[in-house]
Structure formats: C-alpha cells, structure tokens
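Peer 1: Questions regarding the structure given below will be posed in turn.
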Amino acid sequence: MTTVLPVHTTCAVCGTASEHEVLGSTNSMGPPDLDMRPAPLARWTLGQQMQQCPRCGYCAGDISAAGEAAGEVVRNDAYQAELARETYPELTRRYLCASLLLSVAGEDGRAGRAALMGAWAADDVADVASIDPMASDDWGSALPPELSPAEQACRRAAAEAAAHCRRLAIGYFEADRKSGLTFAADDDTAEAILTDLHRRVGDFEAARACAQAAIDRGAGGFAREVFRFQLLLCDLGDTACHNSDESGAGLGFDLLLG
C-alpha cells in the first residue's frame, strides 16, 4: 500500500510557499528491474519524490532545504532552459534539474540517481504498453492505444529523454566511483547498474565490458546470473527493460540492490 501526505512547504531559494504531496510509505510486490527500479507499488511514486517551486523552479526532493550554490544555479540560464525543455516530460525535467544541482554540489552519486529516476519518468511516457493498463481484449491482454502523430512524436521525445538521462547517469556514477563509491553498496552492485544503463542506451560494447569485468572479478551466485543474462541481452541487441526474475537471480538480486 502507498500512502501520500499533503505538506505545506517554503522554498529555500526564493521563499515562496506552496503545497506538495510527499510519499508517506509504499511497498514493492515483485522483482526489481535490472537498473534497480522497484516493482509496484513503489514503482509509481516518482511524482511524490520530487518537488518544484512554482515560482523560481527550484527542484529537489525537499525544496525547503538547499545548498549554498542552489540559488545561483537555479537562476542560471542553463538550468532554466532545462526546466523549460517542452519536448521532455515534465517530471523528467524536474529530475534533470535536481541532478544538475546535486552535481554542482559535488554529489555525483545522488546526481546520477536523480538522472536515473528522470529516465524512469520518461520511460513511463515512452512505453505505449503502460499508458492504459486497464485497456484489454477479451483474453485480458494489454492493448496499446491508437496514437495520433502528435502522440507518437511525444513518445519518441520521451524515449530520447530517457536515453539522455541514462547517459548522464553513467557519467555521474563513473565520477562517483572514481572519487569513492557512494551510489551503490559494493562493486558488483555498481557494475550491475552501469551494465544495464549502457545496454539500455544501446552501448553494447560498454555493457559487455562491465558485465565481463564483474564476472572476471569473481562475482558469484545471483550477481553472476545477472551479468550472464546481460551478456545474452547484448548478444541479442536488446535494449528493453528487464527484471531480475528473467535473469534467474530472483530475490537474490533484490537483496543485492537493497
């Protein structure tokens, strides 16, 4: 069950008061994706994990707190251009802006996480099969809705946004790993995330290198199964979303990412 709570908050950058919904609690029922995205119900809480000031556009998980340089970054033309990029989904833009702020603050691990969550938000728009889960035929299978040319263009733009976010996340995560790993609990987890990010954007050579490096380093058990599965997906040229059950890792991968 997911609980959402209304909060009244004041922007730490410009002092504007606004109302937001925050995540009270949630849970996951099912295997996580290979890039750590949780199963429902937690899967659908992205909107409650990112706030935006309605006046200055400051984006953060909690806009009542801000770093020293936040105001300067928010007023910067590059930040405002990112926030106003209409071809990208609105929620994705918020996560991208939060990612930029975290990067400037030197928090590459958290910046990568925000970029990755922005990719998930874009995935939800780009994935036609998830638009209307209640639409089904007599056999209960999901039916993709008929899309107008404008809607098709919107989905393509969202897919582009997701790829952009994943490439940013790769850069941030690699920088974080070089300075002292914070975005993952250990090297196997870090390699698992980076492998999937590379594969999802079609960089199969880099994905193979990450997976093979983990195997050669001695990754065992469920982690090894994940990396073998990723190598198979790369051989197939597969850039789609997959979960840990498909790899044979099951609950073990959930524990690895936990």
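Since every read-out is calculated from the coordinates, none of them should be taken as a lab result. Note that the structure is a prediction, hence the values are computed from the model and not measured. Neighbour counts run over all protein chains shown; Cβ positions are idealised from the backbone, glycine included.
Peer 1: Mean-square fluctuation check for the chain, GNM, Cα pairs under 10 Å: which of Ala190, Ala121, Ala81 is largest?
Peer 2: Ala81
Peer 1: Under a 10 Å cutoff between Cα atoms, tell me which one of Ser18, Ser103, Ser148 has the largest fluctuation in the Gaussian network model of the chain.
Peer 2: Checking each option, the largest mean-square fluctuation is seen for Ser148.
Peer 1: Taking loop as defined by DSSP and a crowding limit of 12 other beta carbons within 10 Å, which GluC sites (Glu not before Pro) in segment 46-104 fit? Each step should come with its number before you reach the end.
Peer 2: On the way: sites: Glu68, Glu72, Glu82, Glu86, Glu90; in loops: Glu68, Glu86.
Answer by residue number: Glu68, Glu86.
Peer 1: In whole Å, what are the Cα extents of segment 185-258 along the three principal axes, biggest one first?
Peer 2: Here the spans come out as 27, 23, 17 Å, largest first.
Peer 1: Would you mind ranking Trp44, Trp120 so that the residue whose beta carbon has the fewest other beta carbons within 10 Å leads the list?
Peer 2: Working: Trp44 13, Trp120 22.
In increasing order of surrounding Cβ atoms, one gets Trp44, Trp120.
Peer 1: Another question, if that's okay. For the pair Cys241/Gln212, report the inter-label distance in nm, with labels modelled 7 Å from Cα in the Cβ direction.
Peer 2: Between Cys241 and Gln212, the simple spin-label model gives 3.0 nm.
Peer 1: Distance between Cα centroids, segment 15-29 to segment 35-74: provide it in whole Å.
Peer 2: Cα centroid to Cα centroid, the span is 10 Å.
Peer 1: What's the exposure ranking of Met1, Met29, going from fewest to most Cβ atoms within 10 Å? Working shown, then result.
Peer 2: On the way: Met1 7, Met29 10.
Going from least to most buried by this count: Met1, Met29.
Peer 1: Among Ala122, Gln80, Asn243, pick out the residue whose Cα is farthest towards the positive end of the charge dipole of the chain, where Lys and Arg carry +1 and Asp and Glu carry -1 on C-beta, about the Cα centre.
Peer 2: My answer, from the dipole projection, is Gln80.
Peer 1: To continue, here is another question. Nothing charged except the Cβ atoms of Lys and Arg (+1) and of Asp and Glu (-1): what's the magnitude of the dipole of the chain about its Cα centre? Round to the nearest 20 debye. Intermediate results must be reported in sequence, preceding the final value.
Peer 2: On the way: 21 positive and 38 negative charges, 112 e Å.
Around 540 debye, computed over the chain.
Peer 1: So if I place +1 on the C-beta of Lys and Arg and -1 on the C-beta of Asp and Glu, and nothing else carries charge, what would the dipole magnitude of segment 173-226 be about its Cα centre? I want it in debye, nearest 20.
Peer 2: On the way: 7 positive and 11 negative charges, 14 e Å.
Roughly 60 debye, rounded to the nearest 20.
Peer 1: Which one, (i) 1.06; (ii) 0.94; (iii) 0.98, gives Rg/Rh (Cα atoms, Kirkwood Rh) as derived from the coordinates shown?
Peer 2: Among (i) 1.06; (ii) 0.94; (iii) 0.98, the one derived from this structure is (iii).
Peer 1: Just going by the charge dipole of the chain, with Lys and Arg at +1 and Asp and Glu at -1 on Cβ, which of Cys53, Leu5, Pro38 is farthest out on the positive end?
Peer 2: Toward the positive end, the furthest listed residue is Cys53.
Peer 1: Top mean-square fluctuation among Leu83, Leu232, Leu102, Gaussian network model of the chain, C-alpha springs under 10 Å?
Peer 2: Sorting by GNM fluctuation, first place goes to Leu232.
Peer 1: Right, next: If you put +1 on each Lys and Arg Cβ and -1 on each Asp and Glu Cβ, how big is the dipole of segment 6-105 around its Cα centre, in Debye rounded to 20?
Peer 2: 100
Peer 1: Ranking Asp35, Asp186, Asp203, Asp77 by Cβ neighbours within 10 Å, fewest first, what do you get? Could the numbers behind the result be given before it?
Peer 2: Numbers: Asp35 23, Asp186 12, Asp203 18, Asp77 7.
The most exposed by this proxy come first: Asp77, Asp186, Asp203, Asp35.
Peer 1: In Å, the Kirkwood hydrodynamic radius of segment 1-140 over pairs of distinct alpha carbons? Write down the numbers at each step before the final one.
Peer 2: Numbers: mean 1/r = 0.0618 Å⁻¹.
Mean inverse Cα-Cα distance, inverted, gives 16.2 Å.
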